[in-house]
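Asks: Sending over a structure as structure tokens; questions will come in a sec.
Nothing in this text is a laboratory measurement; each read-out follows from the coordinates by a stated rule. Bear in mind that the values here come from a model prediction, so they are computed numbers and not experimental data. When we count neighbours, we look across all protein chains shown, and the Cβ atoms used for this are built from the backbone with ideal geometry, even at glycine.
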Amino acid sequence: MSTGAVLELRGVGRVHGEGPTAVHALRDISLTLRSGELIAVMGPSGSGKSTLLHLAGGLDAPSDGAVLVEGTDLATLSRAELAAVRRRSLGYVFQDLNLIPALTAAENVALPRELDGVRARDARREALDALAEVGVGELADRFPDEMSGGQQQRVAIARALIGPRRLVLADEPTGALDSQTGEDVLRVLRARCDAGASGLLVTHEARHAAWADRVVFLRDGALVDDTGAAPPPEVLLTADGFG
Amino acid sequence: MRSGDRNGADAGEVPQRVPRDAAARARLSGTAVPDMPRLTGHTAYAYLVAMSIRHGLLALLERSPMYGYQLRHEFERSTGATWPLNVGQVYTTLARLERDGLVEQTGESDEDGKVVYRLTDAGHAELTGWFATPLAGADRPRDELAIKVALALTTPGVDVRSVLQTQRTATLRHLQELTRLKAVADGSEDTAWLLVLDSMIFRAEAEVRWLDHSETRLARLAATQRPAGASGPSTAVSTDEPSDEAVRR
Ligand SMILES: Nc1ncnc2c1ncn2[C@@H]1O[C@H](COP(=O)(O)OP(=O)(O)OP(=O)(O)O)[C@@H](O)[C@H]1O
Ligand SMILES: [Mg+2]
């Protein structure tokens, strides 16, 4: 089993603004995501979950601490290098999806691969596979405004999963999905991680978080609790909460 | 390690963990589990069946009259052959059912003197009634957790928020465990087991939602009770408590 850290947060903090109006969106977060591991992040609205994902994905820079992707401190990279890491190593499902309205589902999904230099035909074939994997293969040639919210969500997930991405960051990827479809999405993520990818998943749904190896809780920007990695069943006995 | 644990939910390790899991489950719901050591299969399925063994036997006899050992065999079969039911438990339950007039002996017996049982009309009515009647709130185990949290709120020196947090972490671990069992069972034909697992998963989820809701309620309460002068800039984030609508979109 590989124990390589795909993502490592070291004492990460993020402050918005300055002085008396400063908002501590995150404080002193340390977290390691290993190859094959799926970690779920839970916490109330405003607790810093999206901020955490943005930092992990190099879309935002920490005020304190360091973010390492596959051992590389993102702060040491040039803009171009950072963009390359984001494109090749990271798949991102945003809370607001971010599908490009002028592109079809298949084109949206194929885009990151084409940017990687993959030939258009191959990128399209990969896109069709990724769409089929999340159950919307038949919608490949529709535009985003011709799909339901849940269908768009699955297209966004397909885009994050396409190609050899090793780190998938997903912010509420099941938000617009019904119970069964949401679960299917989690199965896809789980299978990807079992196949060696790593996932960081923000969700409000405990039932979805439970597919993760580990669930961490954020409150007011701080990590307040953690189920630990793959708890042995005895934990059920020793946890005081069951008394 | 992780994948090993996942596989651990497979048959190999289950006999070890199941009784413990069921015990934890029982403590969670505030009920006692009779004869725990005999439960060696399908976690809560066995546990739930144990709770309604009477109706389980009645349901089997509804199919056809049977010998006691046949009942035992069928019982095991319907729990995926993972719950070796104690034959003594079958006969004890049969004796009670007979006493209550719900089953009777047909008069047939084999060379060992074992007798055949069948359902009486009263037994049939009991079974039909059981399926037709929804469980009333009062039939469910009392909600020990709600009582515990309510007590924590009014007991000096107890931090309710940490009680809620500890419970949420524990319940989430339980939910992870159930989800692993489900992932293992997914491909199987064992629909009954999957239905029971789903039921337990949704229950645990409801508990987490209630814990989230309670935490938000307490945080808001704390915010309104905080003296006006005490809320400086440093509390800007924590006083900005989320609304329930925002938490549970
Ligand atoms: N650009 C910004 N400027 C100032 N404050 C910000 C900015 N971005 C986020 N925040 C604040 O940081 C905190 C964390 O925000 P974040 O989006 O990470 O929360 P979240 O946990 O994802 O919430 P939700 O569940 O509602 O999506 C919030 O208090 C938010 O108002
Ligand atoms: Mg967010």
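Asks: Report the residues of the stretch A:165-180 in range of a label on residue A:98: point 7 Å along Cα→C-beta, backbone N strictly under 17 Å from it.
Replies: Inside the label zone: A:165-175.
Asks: Please give the FRET efficiency for residue B:203 paired with residue B:115, using the beta carbon to beta carbon distance and R0 = 56 Å, rounded to the nearest 0.05.
Replies: Computed FRET efficiency for residue B:203 and residue B:115: 0.90.
Asks: Moving on to the next point. What does the charge add up to near residue A:65, with Lys and Arg as +1, Asp and Glu as -1, over the other residues with Cβ less than 12 Å from its Cβ?
Replies: -1
Asks: Put a dot 7 Å past each Cα toward the Cβ at residue B:96 and residue A:125; how far apart are the dots in nm?
Replies: About 6.5 nm separates the two model spin labels.
Asks: Once the Cβ-Cβ distance between residue B:189 and residue A:132 is put in as r, and R0 is 41 Å, what FRET efficiency do you end up with, to the nearest 0.05?
Replies: With a Förster radius of 41 Å, E is 0.95.
Asks: Taking Rh as the Kirkwood radius computed over C-alpha pairs, what is the Stokes-Einstein D of the stretch A:1-132 at 4 °C in a medium of viscosity 1.567 mPa s, expressed in µm² per second?
Replies: 78 µm²/s
Asks: In nm, to one decimal, how far is the modelled label at residue A:79 from the one at residue A:10, with both set 7 Å along Cα→Cβ?
Replies: Calculated label separation equals 2.7 nm.
Asks: Taking the Cα centre of each part, how many Å lie between the stretch A:129-148 and the stretch B:188-218?
Replies: What the calculation gives is 31 Å, centre to centre.
Asks: Another question, then. For a paramagnetic label modelled at 7 Å from the Cα of residue A:146 toward its Cβ, which residues of the stretch A:83-113 fall within the zone defined by backbone nitrogen distances under 19 Å?
Replies: A:99-111
Asks: Taking amide H atoms as placed 1.01 Å from N in the peptide plane, list the residues 5 or more away in sequence, or in a different chain, whose amide H sits under 5 Å from that of residue A:202.
Replies: Amide H neighbours of residue A:202, under 5 Å, 5+ apart: A:41, A:170, A:171, A:172.
Asks: Related question: Using 0.36 nm per residue, how much length does the chain from residue B:106 to residue B:87 gain when fully extended, once their Cα-Cα distance is taken away?
Replies: 4.9 nm
Asks: Okay, next question. Between residue A:59 and residue A:194, what is the label-point separation in nm under the 7 Å Cα-to-beta-carbon projection?
Replies: 2.9 nm
Asks: Next question. To the nearest 10 degrees, how steeply does helix A:179-194 sit against the main Cα axis of chain A, on a 0 to 90 scale?
Replies: The two axes meet at around 80 degrees.
Asks: Tell me which residues come under 5 Å, amide H to amide H, from residue A:37 once H is placed; ignore anything under 5 positions away on its chain.
Replies: Residues meeting the criterion, in which the H sits 1.01 Å from N, are A:199.
Asks: Then there's this: Set the Förster radius R0 to 56 Å, insert the Cβ-Cβ distance between residue A:114 and residue B:122 as r into 1/(1 + (r/R0)^6), and round the FRET efficiency to 0.05.
Replies: It comes to 0.15.
Asks: What is the average number of partner chain Cβ atoms found within 10 Å of a Cβ in A:39-46?
Replies: Neighbouring Cβ atoms belonging to other protein chains average 5 per residue here.
Asks: Still on this structure, I have one more. When the helices in chain A are scored as -39500 (n - 2.57) per DSSP H run of 4 or longer and the sum is shared across all residues, what 222 nm value do you end up with, to the nearest 500 deg cm²/dmol?
Replies: Value at 222 nm, helices only: -10000 deg cm²/dmol.
Asks: Sorted from largest down, what three extents in whole angstroms do the Cα atoms of chain A have along their principal axes?
Replies: 52, 45, 39
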